[in-house]
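S.K.: The structure follows.
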Amino acid sequence: MQSLFSDYFLPVTLAIITLGMGLSLTDRDFRNIFVQPRAVITGICCQMILLPVIAFLIARTTDLDPVFKVGLILIAACPGGATSNLVTYILRGNVALSISITAINSLITLVTIPVIVTLALNHFIHQEAEIHLPVWETVMKVFLITLVPAYLGTRIRKRRPGFADRLEQPLRIILPLLLLLIFTGVIFIDQGTGLATIKDSISIFPYALLLNIMAMLAGLLVAMVLGLVKVNQFTITIEVGLQNSALAIFVATSLLNSRDMALVPVVYGSFSFFTTLLFAWVVKKIVLVRKRPPNGTGG
């Protein structure tokens, strides 16, 4: 059965959001990313390796139901999508870096999600499962929802810079509200989470919050140790800290047939946008007080 918000409204909304963010970008922004790829590589490695390790450690030390432990690792295996891009955009981070990491990771997860979730299932509930993500559909989504709208946005900025500048401030308010409206429909209407018990949600919340915070701290620490510039440090903090709840819900419900497991990304998705936005704002305004070197958007 198709879900109205997940299957129709969400993809269109994500494309609109990416188009809006593309209006703030130029060709040079993307060119700098690949001329100096250290920030992209750092973000990808943190999301693909460090984050699942953190989730495993949290799951191993908790008394959560084993199904919820797998759900916690599942959310860690689904790196941030348009939501993390949007937080980066709101805070005036390196949007080109954020979009680039999202596009690359979306393809890498075709391999990593089945591997990581299978390991979690075997370890915590001693269950075998074959997980096959839709390869062609995923590639097309990356192309149509991420790459094409971002490119169109840069073309509009190039041809109509005044128009793009006038839209920038209103879009910083409109785009978050649009995403939150649609995502609310995904997790509370499409997924029917009213059936979930309050007790389970309360038991999951502290560990989901811990994953969110530890991931952001880890991403920030790695970026600082590697000497990335300020704007890339808090951009990677956002990318590592904010996971793709909608993808995790899809994997849990459609591929693993487990609404209990899906409750973890539902709980995570209910607060993580706000905690990540707040944490990254503090990092930008208070923690990273040193001055950003000029022309340093790539490293």
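S.K.: Answer with one residue from THR275, VAL35, ALA15: the one whose Cα lies farthest towards the positive end of the charge dipole of the chain, charges on Cβ with Lys, Arg +1 and Asp, Glu -1.
M.R.: VAL35
S.K.: To continue, here is another question. So how far apart, in nm, are the two label points at LEU278 and TRP136 if each is 7 Å from Cα heading toward Cβ?
M.R.: For the pair LEU278/TRP136, the computed spacing is 4.5 nm.
S.K.: Follow-up question, since we're still on this one. How charged is the neighbourhood of SER100? Take every other residue with its Cβ under 15 Å from the Cβ of SER100, and add Lys/Arg as +1 and Asp/Glu as -1.
M.R.: Numbers: positive: ARG28, ARG31, ARG38; negative: ASP27, ASP29, GLU239.
That sum, taken over residues with Cβ under 15 Å, equals 0.
S.K.: Add -39500 (n - 2.57) for each DSSP H run of 4 or more in the chain, then divide by its residues: what number comes out at 222 nm, to the nearest 500 deg cm²/dmol? Intermediate results must be reported in sequence, preceding the final value.
M.R.: Details: 14 runs with 200 residues, N = 299.
Calculated mean residue ellipticity at 222 nm is -21500 deg cm²/dmol.
S.K.: Direction-averaged shadow area of the convex hull around the Cα atoms of the chain, nm²? Each step should come with its number before you reach the end.
M.R.: On the way: hull surface 58.8 nm².
Reported value for the Cα convex hull: 14.7 nm².
S.K.: What number comes out for the charge environment of THR62, summing +1 per Lys or Arg and -1 per Asp or Glu over other residues with Cβ under 14 Å away? Intermediate values should be presented prior to the final figure.
M.R.: Numbers: positive: ARG60, LYS69; negative: ASP63, ASP65, ASP200.
Net of charged neighbours comes to -1.
S.K.: By how many nm would the segment from ASP165 to VAL287 lengthen if fully extended, with 0.36 nm per residue of separation less the alpha-carbon distance? List each step's numbers first, then the result.
M.R.: Details: separation 122, 0.36 × 122 = 43.92 nm, distance 2.92 nm.
Taking 0.36 nm per residue and subtracting the Cα distance, the gain is 41.0 nm.
S.K.: Between ASN122 and ARG38, what FRET efficiency comes out of the Förster formula 1/(1 + (r/R0)^6) with R0 = 41 Å and r the beta carbon distance, rounded to 0.05?
M.R.: On the way: r = 35 Å, r/R0 = 0.85.
My answer for the efficiency is 0.75.
S.K.: Test of understanding: given the chain, find the longest segment containing no trypsin sites (Lys or Arg not before Pro) that are in a DSSP loop and have at most 14 other Cβ atoms within 10 Å. Kindly include the intermediate steps, with their values, before the conclusion.
M.R.: Working: sites that count: ARG92, ARG290, LYS291.
Here the longest segment lacking exposed loop sites spans 93-289.
S.K.: Moving to a separate point now. Could you give me the ³J(HN,Hα) list for region 169-176, computed from phi with Karplus coefficients 6.51, -1.76, 1.60 and θ = phi - 60°, whole Hz, x at Gly and Pro?
M.R.: 5, x, 5, 5, 9, 5, 5, x
S.K.: Turning to a different aspect of this structure: Find how much the distance from LEU57 to PHE271 grows on full extension, using 0.36 nm per residue of separation minus their present alpha carbon separation; answer in nm with one decimal. Write out the running numbers ahead of the final one.
M.R.: Working: separation 214, 0.36 × 214 = 77.04 nm, distance 2.16 nm.
Contour length minus Cα-Cα distance gives 74.9 nm.
S.K.: Here is a further query. Sequence gap of 8 or more, or different chains, plus Cα separation below 29 Å: how many lysine pairs satisfy both in region 4-287?
M.R.: Values: LYS69/LYS141; LYS69/LYS199; LYS141/LYS158; LYS158/LYS230; LYS158/LYS284; LYS230/LYS284; LYS230/LYS285.
Lysine pairs meeting both conditions in region 4-287 amount to 7.
Where a number appears in this text, it was derived from the coordinates with a stated rule and is not lab data. Just so you know, these numbers come straight off a predicted model, no measurement behind them. Note that we place each Cβ from the backbone using ideal geometry, even for glycine, and neighbour counts take in every protein chain shown.
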